[in-house]
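Please read the structure below before turning to the comments.
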Amino acid sequence: MLRLLFLDLELRRRMLNWEEFSLYSVGVYRTYYDMNLRDPRETRPISKNP
């Protein structure tokens, strides 16, 4: 979801509150990441291609 949020320029254009939503989304992701530090799925780097 974060990949789509930041890389899809059309989505950015269509969202009226994109900046607010992106800040909120990153905050939620950081919280989830901090709660699951030992999960191997969370230690992989994020790339453009899934």
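What is the distance, in nm, between label points placed 7 Å from the Cα along the Cα-to-Cβ direction at Leu4 and at Glu19?
2.4 nm
Would you tell me the accessible area of Tyr33, worked out with a 1.4 angstrom probe on the heavy atoms of the protein chains, in Å² to the nearest 10?
Near enough 80 Å² of accessible area.
Determine the order of Glu19, Glu10 by accessible area, beginning with the largest, at a probe radius of 1.4 Å. Can you show the working numbers first?
On the way: Glu19 125, Glu10 80 Å².
The ranking, largest first, comes out as Glu19, Glu10.
The values are calculated or read from the model by the stated rules, or taken from the named source; none is laboratory data. For clarity, every value in this text was computed on a predicted model and none was experimentally measured. Please note: Cβ atoms are built from the backbone with ideal geometry, for glycine as well, and neighbour counts cover all protein chains shown. Side chains are part of the model used for accessible areas, which takes the heavy atoms of the whole protein and leaves out ligands, DNA and RNA. Shrake-Rupley method; radii C 1.70, N 1.55, O 1.52, S 1.80 Å.
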